[in-house]
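Structure, as structure tokens:
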Amino acid sequence: MEPDGLGVFMTHRPRLFALAYRMLGSAGEAEDAVQETYLRWDAADRTKIRAAEAWLTTVLVNLCRTWLVSARARRETYVGPWLPEPVPTERGELGPLETVEERELVSLALLSAMERLTPVERAVFVLREAFGYAHREIADMLTISEANSQQIFRRAGLRVREGRARFDIPSEYAGELIKRFLKAARTGDIESLEQLLTADVVSIADGGDQVNAAKRPVVGAKNVARYLAGLFRWEVPGMEFRIEEVNGAPAAVARVNGVPLLVAGVELVDGAVAALRLVVNPEKLAFFARTSSA
């Protein structure tokens with residue numbers, strides 16, 4: 001590709017990756033989608049392309065829509081619960097996350113909830129909610145009517161946020177609570193751990209077929225406290241836990257010699273842990289390992 005064509009693509013690449021990740025919930029697949037978009041951009045007659053951003057976004061979103069169909073089939077046979085791949089966000093890997101709404105839209109909680117959506121619902125929701133495209137633009141990209149785009153957006157928003165409260169918990173407070181949570185779990189202090197959990201707390205672990213992990217969600221403060229005390233007391237030579245920014249929020253990360261073994265996303269409600277999402281599948285941590293600092 002001539003330098004100017006490559007330069008134009010590279011200007012848009014960070015935004016394309018951020019969009020693809022929100023669409024797919026997988027950093028590895030998002031990288032593949034961006035690469036495929038580049039190949040199509042390289043092969044296109046760009047003299048006929050009036051707006052590079054619109055063209056690239058349209059190609060990428062429709063690629064992701066197609067991939068989501070096959071991804072859903074693969075996830076139906078996935079061993080145990082499926083969780084999104086964690087992404088470190090301290091250096092802006094998913095774009096600016098300056099507001100509560102921006103952080104929520106990349107949270108492991110919301111990305112997990114987006115699995116309820118059809119590919120077109122997910123596309124409309126992401127394009128409108130996360131990137132602010134007008135319904136007219138979305139309709140052109142997805143070959144639907146503007147009115148249909150509006151209806152799909154309303155429906156998707158209700159399905160994603162159904163039964164979920166939105167809270168703005170300062171990062172400093174969240175980080176401090178996670179430190180207390182880790183201390184209680186690692187020392188086996190079941191009583192203190194229970195006090196940090198909501199009564200209906202849920203813990204979900206994603207080990208795939210790579211790592212032995214709970215194949216079903218663990219529910220309830222007492223059950224989760226005992227489960228986590230056993231899990232977090234697991235010792236590996238050189239293992240240490242840190243609080244790192246993951247998907248826009250503080251998370252507990254276990255590393256051995258800098259290599260992540262576990263990423264624990266923590267959802268807080270009213271100052272207590274309401275949900276935990278534990279990613280231990282090495283394949284799910286590959287992107288995180290490459291892009292996060294030790």
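The values are calculated or read from the model by the stated rules, or taken from the named source; none is laboratory data. This structure is a prediction, so every number in the text was calculated from the model and none was measured. Heads up, the Cβs are rebuilt from the backbone with ideal geometry, glycines too, and the neighbour counts pull from every protein chain shown. Side chains are part of the model used for accessible areas, which takes the heavy atoms of the whole protein and leaves out ligands, DNA and RNA. Shrake-Rupley method; radii C 1.70, N 1.55, O 1.52, S 1.80 Å.
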Using a Förster distance of 35 angstrom, determine the FRET efficiency expected from the C-beta separation of residue 74 and residue 154, and round it to 0.05.
-> 0.75
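Counting only heavy atoms of protein chains, what accessible area per residue, in Å², does the chain have with a probe of 1.4 Å?
Result: 48 Å² of accessible area for each residue.
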A 1.4 Å probe over the protein heavy atoms gives the range 18-151 a carbon and sulfur accessible-area percentage of 48 percent
Label residue 172 and residue 91 with points 7 Å out from Cα along Cα→Cβ: what is the distance between them in nm?
-> 2.7 nm
So which lysines pass the test for residue 179, namely a Cα distance under 25 Å, with those fewer than 8 places away in the same chain ruled out?
-> 222, 284
Peptide ranges 193-205, 72-84 listed from the most packed, as the mean C-beta count within 10 angstrom indicates | 193-205, 72-84
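Mind checking the full-extension length gain between residue 31 and residue 219? Use 0.36 nm per residue of separation minus the Cα-Cα distance, one decimal, nm.
Working: separation 188, 0.36 × 188 = 67.68 nm, distance 3.43 nm.
So the extension gain works out to 64.2 nm.
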Any idea how far the Cα center of the range 73-114 sits from the one of the range 225-240, in Å?
-> 24 Å
Ranked by how many other beta carbons lie within 10 Å on average, peptides 92-98, 47-53, 277-283 from highest | 277-283, 92-98, 47-53
How much length is gained if the chain between residue 51 and residue 272 is pulled fully straight, taking 0.36 nm per residue apart and subtracting their Cα-Cα distance, in nm to one decimal?
-> 74.8 nm
Return the distance in nm (one decimal) between the two label points of a simple spin-label model at residue 101 and residue 161, each offset 7 Å from Cα along Cα→Cβ.
-> 0.9 nm
Tell me which residues come under 5 Å, amide H to amide H, from residue 275 once H is placed; ignore anything under 5 positions away on its chain.
-> 202, 267
Within the set 56, 24, 16, GNM on the chain using Cα springs under 10 Å gives the largest fluctuation to 56
Expected sort for 39-45, 265-271 on mean C-beta neighbours within 10 Å, highest first, is 265-271, 39-45
Please give, to one decimal in nm, the separation of the simple spin-label points placed at residue 200 and residue 11, each 7 Å out from Cα toward the Cβ.
-> 5.0 nm
Just from its helices, what would the mean residue ellipticity at 222 nm be for the chain, if runs of 4 or more DSSP H residues each count -39500 (n - 2.57) and the sum is divided by every residue, rounded to the nearest 500 deg cm²/dmol?
-> -15500 deg cm²/dmol
Most mobile of 172, 245, 29 per a Gaussian network model of the chain (Cα springs, under 10 Å)?
-> 172
Sites residue 236 and residue 209 - FRET efficiency at Förster radius 22 Å, r taken between beta-carbons, to 0.05 = 0.60
